[in-house]
Amino acid sequence: MDTTDLAARTGFDFDAFDRQLADADNPVAAFRDALTGAIEAQRTAFLAGTPASRLVPRHAAFIDAILTRAWRRQFEPADPDIALIAVGGYGRGELHLGSDIDLMILLRGDDHERYRGRIEPFITFLWDIGLEVGHSVRSLAECIEQSARDITIETNLLEARRLQGAEDLFASLGGLIRDDSVWTSRRYFEEKLAEQQARHARYHDTGYNLEPNVKESPGGLRDIQMIGWVSKRHFSAATLHDLVDHEFLTEEEYATLIDGQAFLWQVRLALHVLAGRREDRLLFDYQRTIAEHFGYHDDANGHLGVEQFMKQYYRVVMELSRLNEMLLQLFQETILYADDHATPQPLNRRFQVRHRFLEAISDDVFEIYPFALLELFLLMQQHPELQGVRASTIRLVRSHRHLIDDAFRTDVRARSLFMEILRQPQGITHELRRMNRYGVLAAYLPAFGAVVGLMQYDLFHVYTVDEHTLRVVRNLRRFTVTEHHHEFPRLSQIAQTLPKIELLYLAGLFHDIAKGRGGDHSKLGADDAEQFCRDHYLGRYDSQLVTWLVDHHLAMSRTAQREDTSDPDVINSFANMVGDQVRLDYLYLLTVADIRATNPTLWTSWKETLLAELYTSTKRALRRGLEHPLDAKERIRGVSVMARALLKSRQVPDDQVSEIWAEFNDEYFLRHKADEIAWHTQLIASHEDPEAPLIGVRQEGPRGGTEIFVYTHDAQRLFAQTTSILEQLGLTVVDARIITSRSGYTLDSYVVLDDSGAPIEASYRLDEIRDRLQQGLASSGSAPRPVARRTPRHLQHFPLSTRVDFSTDINGERTVVELIAADRPGLLSKVGQAFASCGARVQNAKIGTFGNRAEDVFYITDEANEPFTDEVRLDTLRATLLEALEPDPEARTG
């Protein structure tokens, strides 16, 4: 290439560089300086606004020129039996700043030793000048042999591009690689399709992860490359545009593909620039900076710039996923069924089956019958033998989505079809997902379209709203499927009793549909659900049930995780809100499905137990009748009888039980189960040294986690000290019940989980917990040791202002402290020390961690076991908590 043209393509003056090389005493330094300068120029150009679509090929051209000059230093005069080949992504002429530079040195014969003395110095030289290259040395025969065994090598060679050396040798390679004796088009396609499916599975079959991989995730650059590889292998296509000539793509679809690639290139190059190396993961570390660089800013409606950027990212990868699916379906039909001329079998006047794929009868079927845009999905449910939808029909759906307008949505046939889809005994999840991929669900439910790709920038919601919603429906559906009954037997049994399961699916579809609008999304979503139900001819009772479920979809989880459900008044209040058993059943299923679809790490045995207890207690209250609520005395009497029976079976004398229980107050019996009371009593009965701390630890008790019981002399900082030790052990405290006996001994119980959200399993860990607590609490007067654990990387990118709110519990007996703060190691210990310094006694604690957000609720009293009523003391307590958690005053909000 002429150096003038080269300078235009690369932005680098190679004439001057060649003159410098001619005079250089140290060519390594000259090459290294050229590389450093060029890379910095690329960075500067990108940050100044030059698009990646120009910079990526420019960088490849620059590296071409560098490698050409380095090659000539070793292989001049030209040798007719060797060539330098670019392979992989570099072979395509695409090179990001941190991308691999993959090279192959191609030999005509098998005499590697003949060239070793020149190849090794050449590769060493490349590393010396700062090029991180991956290389192989192969003869023509070795290329064929190895590519036949390894599809990755075959794929790399399909993208091979000669840089220097024998042209005829490279031409021979191209002819051999494309020969069907190495890989037939059919076998190559099947292998690559399986490879893509396995890759997608590694990312949970979604590109909607919080920190997606721009290259490897579904809808990422690798999916575009997949299309290119199959095109090269089957059509010998040089570019993606060749698919337009082969009538596999329309010009509009090609433009969408290229625009999507340009956007992902832009994101990937930004990652490489910011990281200073190869980085394909769109980590939290970079998301805000990239959003700002691309011009996304926080708006007046509370939408963060980073959320707007990520919404655009997710929508791009969704559209690329749609194109990938359609094109691979076309390839499948062309490559796998090329010789199969089976006659299509009609299903009805609008659709037929060809090769076990659903196909529109004609290209104008949706123009004549617009409602068929929904009928297609119903037919897929009703015919599970079908493998999918023909690519030509997918294209027709894409090109006719505009027909789904207000008139379409009011068509009784469309409304009936949509409800029929939700009432089918199978295929609901699959077809709702297909509707979302094809853009039909967003078109039919515009409110749903508004949340497609919408993320919430936190660690609690790990999926976009649309992905989360469809996962909720999937979870609800699994409760009804026999082969999944073992996962949640009780919930599955309840699901079988629901009179209309489709109402539950509707509640799942609408529960978060108003996210991102501002205001209370539950109320706004309930309004949408009510309108939908009216429009789709649901009866008054059914409409009210769906609307109520959407409006109250958070009520059960909030009550279970934030209120003291051992208090009969809390249960009675919740039962009054629910009203009847049918609503309770529906709400219980929706709550569990919602939590499990929010974050894979969020569902724990502790949460499962909390919700199950609330369900059981509420069911019991409803059976008694709302006009006959359970009172405290009845509960105490019932739990005492059961606990005595357990202790009798464990040979604990009844008079000893009575003696121990004489020290317990009514609150203790209200807040513990019979099994817990029996365990505590048995431990105290066998405790020989009343001056030494008694620590009981059991692997998993009835509260869904590892239970710890602390019986010792009460001390002011005991809660802070206990939680500090537990946090130093890497444990998560999820529940604490702090009670003092009449004689001044603590009856404290904690529920803890390990860092994976599971109870502690290893016996040595249980012993370690017991030993550390006994040692640490033996000197209860000492200040708690600070927790010396680093804040995890992902938590550092979500600053959250600390908020402290006070209220009084339902009986007016305790002050409720609601604390919202950024989660971090040692948080609970600092809170405990702040309470102790203000004379606050912790009576109960519900500890909730939602991604990066700690939402903890503490029930406290003063030294006289009375609630805090003095405003001055409350202000002091708030200030002490804020100072302990946020030394920076700007990070405090309440």
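The values are calculated or read from the model by the stated rules, or taken from the named source; none is laboratory data. Note that this is a predicted model, so its numbers are computed, not measured. Here Cβ is always computed from backbone atoms with ideal geometry, including for glycine, and neighbour counts include all displayed protein chains. These accessible areas exclude ligands, DNA and RNA; they are computed on the full protein's heavy atoms, side chains included. Shrake-Rupley method; radii C 1.70, N 1.55, O 1.52, S 1.80 Å.
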> What size of dipole, in debye to the nearest 20, comes out for segment 389-536 about its Cα centre when the only charges are +1 on Lys and Arg C-beta atoms and -1 on Asp and Glu C-beta atoms?
Replying inline: 500
> Convex hull over the alpha-carbon atoms of the chain: what's its volume per residue in Å³?
Replying inline: 215
> Å³ per residue of the Cα convex hull, for segment 119-215?
Replying inline: 139
>> Once each part is reduced to its C-alpha centroid, what is the distance from segment 646-672 to segment 810-869 in angstrom?
In response: 28
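Using the heavy atoms of the protein chains alone and a 1.4 angstrom probe, what is the accessible area of the chain per residue in square angstrom? Write down the numbers at each step before the final one.
Numbers: 37370 Å² over 894 residues.
Normalised by residue count, the accessible surface of the chain is 42 Å².
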>> On a straight-distance basis, which lysines could pair with K673 in a cross-link, Cα separation under 27 angstrom, same-chain partners fewer than 8 positions away excluded?
In response: K607, K619, K633, K648, K846
> Given the protein chains as shown and a 1.4 Å probe, how many square angstrom of L504 are accessible, to the nearest 10?
Replying inline: 0
> Which Cα, out of T334, A720, P57, lies furthest along the positive dipole direction of the chain (beta carbon charges, K/R +1, D/E -1)?
Replying inline: T334
> Hey, which lysines would be in cross-link range of K515, C-alpha to C-alpha under 17 Å, not counting anything within fewer than 8 residues on its own chain?
Replying inline: K311, K523
> To the nearest 10 square angstrom, what accessible area does Y296 show with a 1.4 Å probe?
Replying inline: 50
> Share of Cα-Cα pairs in segment 700-742 beyond 13 Å, in percent?
Replying inline: 60
> If you place +1 on the Cβ of every Lys and Arg, -1 on the Cβ of every Asp and Glu, and leave all else neutral, what size is the dipole of segment 541-582 about its Cα centre, to the nearest 20 Debye?
Replying inline: 140
> Say R0 is 45 Å: what FRET efficiency, to the nearest 0.05, do E367 and H246 get from their beta-carbon distance?
Replying inline: 0.95
> Once the piece of chain linking D111 and A238 is laid out straight, how much longer is it, given 0.36 nm per residue of separation minus the C-alpha distance between them?
Replying inline: 42.5 nm
>> Taking each pair of distinct Cα atoms in segment 473-553 once, what is the resulting Kirkwood hydrodynamic radius in Å?
In response: 13.3
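Within segment 801-882, list the GluC sites (Glu not before Pro) lying in a DSSP loop whose Cβ has at most 12 other Cβ atoms in a 10 Å radius. Let's see the in-between values first.
Numbers: sites: E813, E818, E855, E863, E871; in loops: E813, E863.
Loop-located and lightly packed - E863.
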> For the charge dipole of the chain, defined by +1 on Lys and Arg C-beta atoms and -1 on Asp and Glu C-beta atoms about the Cα centroid, which residue among S829, I860, L283 has the Cα displaced farthest towards the positive pole?
Replying inline: I860
> Any idea how far the Cα center of segment 232-250 sits from the one of segment 431-472, in Å?
Replying inline: 32
>> Of L140, A38, Q682, which is farthest towards the positive pole of the chain's charge dipole, taken about the Cα centre with +1 and -1 on the beta-carbons of Lys, Arg and Asp, Glu respectively?
In response: Q682
> Whole-Hz Karplus ³J(HN,Hα) for segment 147-156, in order, using 6.51 cos²θ - 1.76 cosθ + 1.60 and θ = phi - 60°, x for Gly and Pro?
Replying inline: 5, 5, 8, 10, 5, 5, 5, 4, 5, 4
> At q = 0.17, 0.20 Å⁻¹, what log₁₀ I(q)/I(0) does a Debye calculation on the Cα points of segment 164-225 give, no solvent, two decimals?
Replying inline: -0.71, -0.79
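Where the convex hull is taken over the Cα atoms of segment 643-738, what is its projected area averaged over directions, in nm²?
On the way: hull surface 26.8 nm².
For the Cα atoms of segment 643-738, the hull's average projected area reads 6.7 nm².
Counting Lys and Arg as +1 and Asp and Glu as -1, each charge on the Cβ, what is the dipole of the chain about the Cα centre in debye, to the nearest 20?
Details: 101 positive and 134 negative charges, 264 e Å.
I would put it at about 1260 debye.
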> At a 1.4 Å probe radius, carbon and sulfur cover how many percent of the accessible area of the chain?
Replying inline: 48
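Mean residue ellipticity at 222 nm from the helices of the chain, using -39,500 (n - 2.57) per DSSP H segment of n ≥ 4 over the full residue count, to the nearest 500 deg cm²/dmol? Provide the component values of the computation, followed by the final result.
Numbers: 40 runs with 486 residues, N = 894.
So the helix-based figure for the chain works out to -17000 deg cm²/dmol.
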> So which GluC sites (Glu not before Pro) in segment 370-465 are both in a DSSP loop and have at most 13 other Cβ atoms within 10 Å of their Cβ?
Replying inline: E385
> segment 730-775 to segment 554-619: how many Å between their Cα centroids?
Replying inline: 24
> Kirkwood-based Rg over Rh for segment 249-383 (C-alpha set), two decimals?
Replying inline: 1.14
> Over all pairs of distinct alpha carbons, what does the Kirkwood formula give as the hydrodynamic radius of segment 1-134, in Å?
Replying inline: 15.8
> Which cross-chain or sequence-distant (5 or more) residues have an amide H under 5 Å from the amide H of G134, H modelled 1.01 Å from N in plane?
Replying inline: I101, D102, L103
> Under a straight-distance cross-link criterion of Cα-Cα below 16 Å, which lysines are reachable from K232, leaving out those fewer than 8 residues away in the same chain?
Replying inline: K192
> Ordered by residue, what ³J(HN,Hα) values in Hz, to whole numbers, does segment 744-754 give under the Karplus form 6.51 cos²θ - 1.76 cosθ + 1.60, where θ = phi - 60° and Gly and Pro are x?
Replying inline: x, 9, 7, 10, 8, 10, 10, 10, 10, 10, 7
